1. Only one residue in B:PHE271, B:PHE208 is modelled with pLDDT under 95 and among the hydrophobic types (A, V, I, L, M, F, W, C), so which one is that?
2. Which residues, counting only those in region A:285-314, are farther than 19 Å from A:PHE271 by Cβ and not basic (Lys, Arg)?
3. Which condition breaks for B:ILE383 when tested against (1) touching a strand residue (DSSP E or B) at 6+ places or on another chain (Cβ under 6 Å); (2) part of a helix (DSSP H, G or I)?
4. Given the conditions (1) surrounded by fewer than 23 Cβ atoms within 10 Å (Cβ to Cβ); (2) among the polar types (S, T, N, Q); (3) out of contact with any Cys (no Cβ under 6 Å at 6 or more places or on another chain); (4) closer than 25 Å to A:TYR44 by Cα, and given that A:ASN123 satisfies all but one, which numbered condition is not satisfied?
5. Could you list, in sequence order, the residues of region A:49-75 that are surrounded by 15 or more Cβ atoms within 10 Å (Cβ to Cβ) and part of a strand (DSSP E or B)?
6. Quick check: anything in region B:196-206 more than 14 Å from chain A (Cβ to nearest Cβ), free of Cβ contacts under 8 Å to residues at least 60 places away in the same chain, β-branched (Val, Ile, Thr) and part of a helix (DSSP H, G or I)?
2 protein chains.
Amino acid sequence: MSRVPRIVILGAGYGGILTAIRLQKELNYNEADVTLVNKHDYHYITTHLHMPAAGTDNPENARVNILKLIDEFKIDFVKSTVVQIKPQERKVILEDGTLSYDYLVVGLGGEPETFGIPGLKENAFNIRSINSVRLIREHIEYQFAKFKREPHRKDYLTFIVGGAGFTGIEFVAELADRVPELCKEFDVSPELVKIYNIEAAPSALPGFDPELVQYGMDVLAKKGVEFKLGTAIKECTPEGVVIGEGELIKSATVIWTGGIRGNHMLEEAGFEAMRGRVKVDPNLRSPQFENVYILGDCSLMFNPDGRPYPPTAQIAMQQGECCAHNLVASLRGEQLKEFKFSMKGTVASLGKGEAIGLVGTKKMKGYTAYLMKKLIDLRYLYIIGGITLVLKKGKL
Amino acid sequence: MSRVPRIVILGAGYGGILTAIRLQKELNYNEADVTLVNKHDYHYITTHLHMPAAGTDNPENARVNILKLIDEFKIDFVKSTVVQIKPQERKVILEDGTLSYDYLVVGLGGEPETFGIPGLKENAFNIRSINSVRLIREHIEYQFAKFKREPHRKDYLTFIVGGAGFTGIEFVAELADRVPELCKEFDVSPELVKIYNIEAAPSALPGFDPELVQYGMDVLAKKGVEFKLGTAIKECTPEGVVIGEGELIKSATVIWTGGIRGNHMLEEAGFEAMRGRVKVDPNLRSPQFENVYILGDCSLMFNPDGRPYPPTAQIAMQQGECCAHNLVASLRGEQLKEFKFSMKGTVASLGKGEAIGLVGTKKMKGYTAYLMKKLIDLRYLYIIGGITLVLKKGKL
């Protein structure tokens, strides 16, 4: 009997987990050894993280135990941190071991892109994991408690969100919803709290439908969010952020949502990358190593107009499905298929009962869009975990 | 018609609120104008504060709106901070005004006594108010979140409580109960968390029944509390505490419960005081100004053996009742009565389902003592707010 081919999947984000779930359905017994490697023993739902970050939802609702999603008889799970990828040697170095592979799937997710803005890395929070959003939530609550001890420190009640893309907008919406609760809990006057959303581009949600963007900004402005558009953050210091001609906005809480780049390990491993993202071939493979598939935030693909697709959960999931298909096809000597992104729609939450969305060419706003967002969330839970997961983690 | 005498009560703690409640029952229409002054619009139940400080109970259960306790037709309430007492001029200076009085009741409560230990004032938390315990709770939770970002910082998970008196013991018990919950919430291994209770005296709960103290320490040790008795804190730094021959215990959280002194304003006003506490006459009045009554942590009284009574809620409440009686007697030209402390008993909580207590000469421990503690708590709610308050805030 010849050796069973080994597939190693790095990362259990949207791309990695979908690859694993599809593989365990498609592969026959002994067709391949599949190992999924992830830093945590849970998958998290990145598109939910703005809620536990603001404290409007429990972080438990944004994560799922990986062993509930995969069948351990079919897929091995290794909880470890990837340290280095060695594509020439077909090896992956983990914090506590080494794995060899015939096929590699890189779904290691993104990292915050700070565009070289000084101090952002050191002094700003990022919405990127369960750990990071628990930190943000606790930090925010702590500021309210500290303000009661030092009532002259208005900066404790000033919250700056850098970036008005989807994450930034969805987070300020939740934060604005949370503030009245926090004010009540800590006996703080709501008018003392300031939320700034600062964006270098001339509009919020750049590229999104302008009518919906305007609607969204009106909703958020009513909730108390102050927008500073066309305003670049020049520097982030422990005291706050510097904008314009050196104006300092004092704040003890800066959350940076302004950019995502690919994982640094790809460039370190010799992959050609732009901001850490590898331009993959139509089959989702590295042009340098055709046994390496790259998905999600680590991959770079261009739409028919020649513009890069933004890194979203939606595209990563579709890539995962395509990747699993192509891995099976490779094993069986069949034809690989080309990835075609099918845009299902985009909905941005604006907090409780409010959202804006484009589904096909249909514009949605208000409660209808909010329900659509919830449906998309439930659909995702259904895709990865079936009805059991929908009942366990789903919320309407 | 001659002028109606004015009574001003400073502080709505145990002594002040009891004085106010009794006065509004006893005084006839137009017999006196009574004004209660307090920093907050709520009274808080100091003996509960160890629970919200550890996060095992909601701070709302430890406070009661003052306007639910007093009858505004009979007593004026002023929410303000006292800045200065001028006993010669019979005036009190508030942050935003001035009050004149014929009779003054000082129930301003205590302040942490740090015995000159360097850095304790700057770097340690105190369990002394709703604001301070919310700060402690948020600080503790934040340390768990920060540890997940910086797993080498073991000091984030080390908690030092200075003082093993009633507050110290009750707080470490709650904290030990909370730790497993926090570990679960933040994915932290419980064995990484350290709780130290450091006491300069050779035993915990100095003066309390040794058998019960031993029982209590055993219960707490089983919950993971490490005692360091006969150990003085030499210094408190931002990095932790220094004990013994310069040994530094690294900790990001030091909570000082080791001492209480009277309010600093009494000495500033010219009252003779020891550690801020004024030795009152048998009628609870200042020997220097017989129209000034001093209650609770601000007063100093000696038991028949010549030892000072420890400042407790129990004695402050009884003083409040006696003070109200004597104020009415003064107004009516009747004989004042001497204060006699009636020791009802002492129960120290050891967390969920556990306590130790002495009621009369009866020793109690375990669940019986725990129930007794809850009964004492309910009795207090009944005394100040009747059955309505028991139903609203009471918990068994």
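The values are calculated or read from the model by the stated rules, or taken from the named source; none is laboratory data. Since the structure is predicted, the reported quantities are computational estimates derived from the model, not experimental observations. All Cβ positions, glycine included, derive from the backbone under ideal geometry; neighbour counts span all protein chains shown.
1. B:PHE208
2. Initially, region A:285-314 is screened for residues farther than 19 Å from A:PHE271 by Cβ, giving A:303-307, A:310, A:312-314.
Passing the criteria: A:ASN303, A:PRO304, A:ASP305, A:GLY306, A:PRO310, A:THR312, A:ALA313, A:GLN314.
3. Against the list (1) touching a strand residue (DSSP E or B) at 6+ places or on another chain (Cβ under 6 Å); (2) part of a helix (DSSP H, G or I), B:ILE383 comes up short only on (1).
4. Tallying (1) surrounded by fewer than 23 Cβ atoms within 10 Å (Cβ to Cβ); (2) among the polar types (S, T, N, Q); (3) out of contact with any Cys (no Cβ under 6 Å at 6 or more places or on another chain); (4) closer than 25 Å to A:TYR44 by Cα, A:ASN123 fails exactly one: (3).
5. Those that are surrounded by 15 or more Cβ atoms within 10 Å (Cβ to Cβ) and part of a strand (DSSP E or B): A:ARG63, A:VAL64, A:ILE75.
6. no
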